[in-house]
Amino acid sequence: MRVTIETERLILRPITVEDAEAVFKWASDPEVSKFMIYPRHRDISDTKGWLESIDHDNPDNYEMAFVLKETGEVIGSGGIYYRQDEDYWNIGYNIRKDQWGKGLVPEAMQALVDHVRETRNARAIRGSFAKENKKSGRVMEKLGMTYLKEGEYSKFDGSVTFPCYYYERIF
Ligand SMILES: CC(C)(COP(=O)(O)OP(=O)(O)OC[C@H]1O[C@@H](n2cnc3c(N)ncnc32)[C@H](O)[C@@H]1OP(=O)(O)O)[C@@H](O)C(=O)NCCC(=O)NCCS
C-alpha cells in the first residue's frame with residue numbers, strides 16, 4: 001500500500017530499492033537480523049532482491065521505511081499485513097542498532113496500527129517474538145498487546161527455529 005504517515009520524529013513511507021544501502025546496514029547486522037525471519041543479508045543483492053519483491057499495490061500489505069526527520073536517513077522498517085483467514089493484521093519491524101532504545105519503533109508501529117484502524121477498520125493486531133527477544137516483547141506491550149499463545153517460527157531458509165510468544169490486541 002502506498003501511503004505516507006508522519007509522527008513526531010519519523011516519516012513512514014513505502015520502502016523501495018533506492019533504500020537498499022540504508023537497509024543493508026541493519027539487515028547485514030547479526031544482532032539486528034538474529035530473530036528476524038529473513039536470514040542475515042550477506043550481500044547488497046540480498047537486500048535489493050527483497051526490496052524488489054515487495055508489492056506496494058497490494059492494499060493489504062504495508063511495508064514502510066522509517067525515515068528519521070532530523071537527518072532524513074532511513075533507519076528502520078516495519079510492516080503490517082492483513083491475514084484474511086483469521087481477520088487480524090500481523091506486525092513486524094526492525095531498526096538499526098545505533099537507534100535502539102529511543103522508542104522509535106513503538107512510535108512508528110503505533111502510527112501504522114492507528115492508520116489501519118482508521119482506514120481499514122482493523123479488528124485486531126497480532127505479532128510473534130522469540131522468547132529470548134524480550135526487547136520485541138516490550139514493543140508489543142507498548143502497543144497494548146497481550147499474551148495470546150506460545151508457538152515457534154523458523155527463518156525462511158530453515159536455518160534456525162525459535163520458540164516464541166504470540167501477542168495480540170483486539171480493538
Ligand atoms: C526490538 C526492537 C525493534 C525495539 O525497537 P526500539 O525502537 O529500540 O524500541 P524501544 O526503544 O521501545 O525499546 C524496547 C526495549 O528494548 C530494550 N532496549 C532498548 N535499548 C536497548 C539497547 N541499546 N540495548 C539493549 N536493549 C535495549 C529495552 O528493554 C526496551 O524496553 P523499555 O523501553 O521498557 O526499557 C529493536 O531492538 C530491533 O530492531 N531489534 C532487532 C530486530 C528485532 O528483533 N525485531 C523484532 C522481531 S519479532
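FYI, it's all coordinate maths here, none of it is from the lab. Keep in mind that this is a model prediction, so the values were computed, not measured. Reconstructed Cβ throughout: ideal geometry from the backbone, glycine too, with neighbour counts over all protein chains shown.
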Checklist entry - For D157, which of the numbered conditions (1) more than 19 Å from E107 (Cα to Cα); (2) of a type in the set (D, E, K, R); (3) in contact with a strand residue (DSSP E or B) (Cβ under 8 Å, 6 or more places away or on another chain) fails to hold? => result (3)
Checklist outcome for this item: Quick count over the stretch 118-139, residues being among the β-branched types (V, I, T) and either at positive phi or in contact with a helix residue (DSSP H, G or I) (Cβ under 6 Å, 6 or more places away or on another chain) (or both), is 2
Checklist entry - Name the pairs whose Cβ atoms lie under 6 Å apart, with the first residue in the stretch 128-148 and in contact (Cβ under 8 Å) with a residue 60 or more places away in the chain, the second among the polar types (S, T, N, Q), and 6 or more positions between them or separate chains? => result F129/S136
